[in-house]
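The values are calculated or read from the model by the stated rules, or taken from the named source; none is laboratory data. Here the structure is a predicted model, which is why all the values come from computation and not from measurement. Every residue, glycine among them, receives a Cβ derived from its backbone with ideal geometry; neighbour counts consider all protein chains shown. Surface accessibility is based on the protein's heavy atoms, side chains included, excluding ligands, DNA and RNA. Shrake-Rupley method; radii C 1.70, N 1.55, O 1.52, S 1.80 Å.
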Amino acid sequence: MGRLEMLKEHLAEYPNDAFGRYGLAMEYANSGDNDAALAEFAHLLKDNPDYTAGYFMAAQTLAKMGRVNEAREMLTRGVASAERTNNAHAKSEMEGMLAEIS
């Protein structure tokens, strides 16, 4: 069984597992299935609005697809999440990417 199938099976049993949801989104992103990745990031962030890494990786996926305005919005939301969770490193990374794509 491949990694994608294992993650899907795990989430079928534990649908609220944020780490598993993030892993599935990343697996889709790494395989080039950007639409599926974005759907999983959206699900993750709806249920876990302070899963800060999700914003950054969703923004990278959007930027890769040429959806720069949406990437900016995702980064802005991610910076707010990083501030709420006192994650200075993530905040700095997202502000850096925001400056690059602006």
- [ ] Step through the residues of the stretch 17-27 one at a time and calculate ³J(HN,Hα) from phi using the Karplus curve (6.51 cos²θ - 1.76 cosθ + 1.60, θ = phi - 60°), rounding each to whole Hz and writing x for Gly and Pro.
- [x] 6, 4, 5, x, 5, 4, x, 5, 4, 5, 4
- [ ] Report the relative contact order of the chain, percent, no decimals, based on alpha-carbon pairs under 8 angstrom and at least 6 residues apart.
- [x] 18
Task: Calculated [θ] (222 nm, deg cm²/dmol) that DSSP helices of n ≥ 4 give over the chain, each run adding -39,500 (n - 2.57) - done: -26000 deg cm²/dmol
Open item on the list: Helix 88-101 against the longest principal axis of the chain: what's the angle in degrees, Cα atoms only, rounded to the nearest 10?
Closed with: 70
TODO: Could you tell me which of ALA36, MET6, ALA88 has its Cα farthest along the dipole of the chain towards the positive end, charges placed at Cβ (Lys, Arg +1; Asp, Glu -1), taken about the Cα centre?
DONE: ALA88
- [ ] Give me the orientation-averaged projected area of the Cα convex hull of the chain, in nm², one decimal.
- [x] 6.1
Task: Cα-only radius of gyration and Dmax that characterise the stretch 14-59, units Å - done: 9.2, 26
Open item on the list: Quick check: net charge around TYR51, other residues with Cβ under 13 Å of its Cβ, Lys/Arg +1 and Asp/Glu -1?
Closed with: 0
Task: Sites LEU4 and ASN69, calculated FRET efficiency, Cβ-Cβ separation with R0 30 Å, nearest 0.05 - done: 0.50
Task: Alpha carbon centroid spacing (whole Å) that separates the stretch 18-40 from the stretch 46-79 - done: 13
Task: Solvent exposure, largest accessible area first (probe 1.4 Å, DNA, RNA and ligands not counted), of SER102, SER81 - done: SER102, SER81
Task: Spatially proximal lysines relative to LYS91 (Cα-Cα < 29 Å; intrachain offsets below 8 disregarded) - done: LYS46, LYS64
- [ ] List, in order, the whole-Hz ³J(HN,Hα) value for each residue of the stretch 81-87 obtained from phi through the Karplus relation with A = 6.51, B = -1.76, C = 1.60 and θ = phi - 60°; use x for Gly and Pro.
- [x] 5, 4, 5, 4, 9, 6, 9
Task: For SER31, net neighbour charge (Lys/Arg +1, Asp/Glu -1) across residues whose Cβ lies under 15 Å away - done: -2
